[in-house]
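Data block below; observations after.
The values are calculated or read from the model by the stated rules, or taken from the named source; none is laboratory data. Since we're looking at a predicted model, the values are computed, not measured. Virtual Cβ from ideal backbone geometry, glycine too; neighbours counted across all protein chains shown.
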Amino acid sequence: RPTTEILADKDAPLRVLVVFYAPIWKLYKSMMLLEGRTTDMLEQVKLWCDCPFWPDDGMCRLRDCSVCECPENEFPESFKAPSKRGLLSDDLVCQEGKPQATVDRTLDTKAFTGWIEIDNPWTHEDETDNGSCHCEMTYVNLQLNPERYTGYTGPSARRIWDAIYSENCPKYSSGEICQEKKVLYKLISGLHSSISIHIAVGYLLDESANLWGQNLELMHNRVLRHPDRVRNLYFTFLFVLRAVTKAADYLEHAEYDSGNHAEDLKAQSLMRQLLYNPKLQAACPLPFDDAKLWQGQSGPELKQQIQKQFRNISALMDCVGCEKCRLWGKLQVLGLGTALKILFSVDGQNHQDPPLQLQRNEVIALVNLLNRLSESVKVVNELVPSIEGLVLEP
Ligand code: FAD
């Protein structure tokens with residue numbers, strides 16, 4: 001099956017679970033308010049995984065902004081704290097607002113780091129209890145929280161994108177020769193295009209009738225009428241695909257444990273189909289020659305500078321004022337950070353380098369990002385068979 005189909009497969013089980021941290025702090029804060037905890041405690045909460053750049057002013061119009069967390073009976077057995085094991089799963093339905101929605105925060109923390117705990121120089125790590133910030137962890141079923149229109153718009157959303165583009169990855173001028181800076185800009189712009197496409201594909205057409213559907217005008221205005229944004233989407237897709245291909249050996253043998261053996265086997269099989277799809281290498285042009293990057297005298301310095309910018313972008317995700325957008329923003333930026341780590345922090349040819357090691361969440365983020373980009377590319381291909389000027393830049 002073509003890669004885009006495998007990745008767009010609604011049943012693909014790799015997308016089931018993700019651990020995320022900061023989006024929960026607001027919920028937690030309101031819970032504490034309800035329980036009448038002291039102001040001291042609240043202050044402490046405020047510091048936890050707070051947006052490092054501005055005070056929180058998250059505004060989101062729709063109920064759809066909020067994330068529906070997994071109740072504890074949906075957690076994979078192996079990830080539950082030992083005392084909670086043995087609870088049977090109910091139907092996988094959004095439990096938001098129901099008593100069953102109570103979230104178990106006493107998960108077996110080892111489960112989250114069951115694979116390996118290893119730093120990624122490209123990503124901003126939310127600090128844990130040992131540091132200044134405490135981030136609540138919970139599980140989210142991504143299939144019950146699709147990336148789509150949430151009504152998050154206006155100055156809060158604009159401020160995030162402005163900070164990303166103006167301070168952290170300015171658009172390069174046409175004469176610019178620094179490939180590395182171009183790469184960062186294109187990756188972010190490509191991700192932005194993909195987010196806009198998912199907003200347009202899952203748009204709330206009529207709020208009173210709760211009618212969802214495609215908003216082609218929005219898609220056209222935000223993405224399709226800008227060939228460079230479409231090109232950047234393709235670039236980002238190829239970039240992530242290349243990272244996945246480079247990490248094929250690791251990804252093939254990674255432990256896919258969701259607590260459901262049949263699902264895990266299916267995940268492994270889908271992964272192999274993806275990694276060893278003969279069309280993959282033949283059909284995909286290389287987005288760039290990664291061996292040529294970071295080479296010059298200033299290479300190491302440039303890499304540090306761009307890593308810092310990317311870490312800032314990653315930290316900015318804690319400032320996204322809508323839970324669901326923040327969930328998908330964090331997930332996808334982590335996916336990009338993972339792709340950057342695979343392509344630029346580990347040299348498969350040089351045996352002196354440390355071998356590639358990924359955290360469980362990095363693999364989940366990488367595969368989900370590829371799925372999101374893949375679905376966006378599919379939509380663009382279907383809607384616009386030939387976009388004038390759509391040529392991949394070397
Ligand atoms: P925006 O998309 O906010 O764009 C701001 C400016 O950036 C544009 O005016 C343009 O100059 C430039 N720009 C736009 N696209 C590109 C591109 N591809 N490349 C380069 N420059 C570009 N909203 C939802 O409804 N659902 C979501 O899941 C969601 N997730 C989000 C995740 C993140 C991380 C962020 C920051 C925002 C998210 N939003 C989401 C909000 C959404 O992205 C828009 O900000 C919002 O819909 C307002 O759109 P806008 O027309 O002002 O343009």
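Checked against (1) modelled with pLDDT under 95; (2) near the ligand (Cβ under 8 Å from one of its atoms); (3) of a type outside the set (Asp, Glu), Ser189 passes all but a single condition, namely (1).
In the stretch 205-219, what residues are more than 9 Å from the ligand (Cβ to nearest atom) and either of a type in the set (A, V, I, L, M) or within 16 Å of Cys325 (Cβ to Cβ) (or both)?
Leu205, Ala209, Leu211, Leu216, Met219
Quick one: in the stretch 288-331, of everything that is part of a loop (DSSP other than H, G, I, E, B) and either under 23 Å from the mean Cα position of the chain (by Cα) or crowded, with 18+ Cβ neighbours inside 10 Å (or both), which residue is farthest from the ligand (Cβ to nearest atom)?
Just the residues of the stretch 288-331 that are part of a loop (DSSP other than H, G, I, E, B), to begin with: 288-289, 293-298, 320-322.
Adding the requirement that they be either under 23 Å from the mean Cα position of the chain (by Cα) or crowded, with 18+ Cβ neighbours inside 10 Å (or both) leaves 288, 293, 320-322.
On the way: Phe288: 18, Leu293: 21, Val320: 5, Gly321: 9, Cys322: 7 Å.
Once the filter is applied, the top-ranked residue is Leu293.
When the stretch 154-190 is filtered for residues that are polar (S, T, N, Q) and free of Cβ contacts under 8 Å to residues at least 40 places away in the same chain, the ones remaining, listed by number, are Ser166, Ser173, Ser174. Does the stretch 269-278 include one or more residues that are modelled with pLDDT of 85 or more, among the hydrophobic types (A, V, I, L, M, F, W, C), out of contact with any helix residue (DSSP H, G or I) (no Cβ under 8 Å at 6 or more places or on another chain) and under 28 Å from Ile195 (Cα atoms)? No, the conditions are met nowhere in the stretch 269-278.
Restricting the stretch 192-204 to residues that are near the ligand (Cβ under 8 Å from one of its atoms) and of a type in the set (A, V, I, L, M, F, W, C) leaves a set whose member that is surrounded by the fewest Cβ atoms within 10 Å (Cβ to Cβ) is Ile195.
Considering the conditions (1) within 15 Å of the ligand (Cβ to nearest atom); (2) under 13 Å from the mean Cα position of the chain (by Cα); (3) within 23 Å of Leu233 (Cβ to Cβ), Ile364 is excluded by exactly one of them, (1). Going by the conditions given, is Arg372 buried (at least 22 other Cβ atoms within 10 Å of the Cβ), of a type outside the set (Gly, Ala, Ser), within 29 Å of Gln305 (Cβ to Cβ) and at pLDDT 90 or above? Against the criterion (buried (at least 22 other Cβ atoms within 10 Å of the Cβ), of a type outside the set (Gly, Ala, Ser), within 29 Å of Gln305 (Cβ to Cβ) and at pLDDT 90 or above), Arg372 qualifies.
Check Arg229, Arg222, Arg242 and return the single one that is among the charged types (D, E, K, R), within 21 Å of Arg326 (Cα to Cα) and either within 9 Å of the ligand (Cβ to nearest atom) or in contact (Cβ under 8 Å) with a residue 60 or more places away in the chain (or both).
The unique qualifying residue is Arg222.
Taking the stretch 148-170 as the range and being assigned to a loop (DSSP other than H, G, I, E, B), within 7 Å of the ligand (Cβ to nearest atom) and under 19 Å from the mean Cα position of the chain (by Cα) as the test, the residues that pass are Arg148, Tyr149, Thr150, Tyr152.
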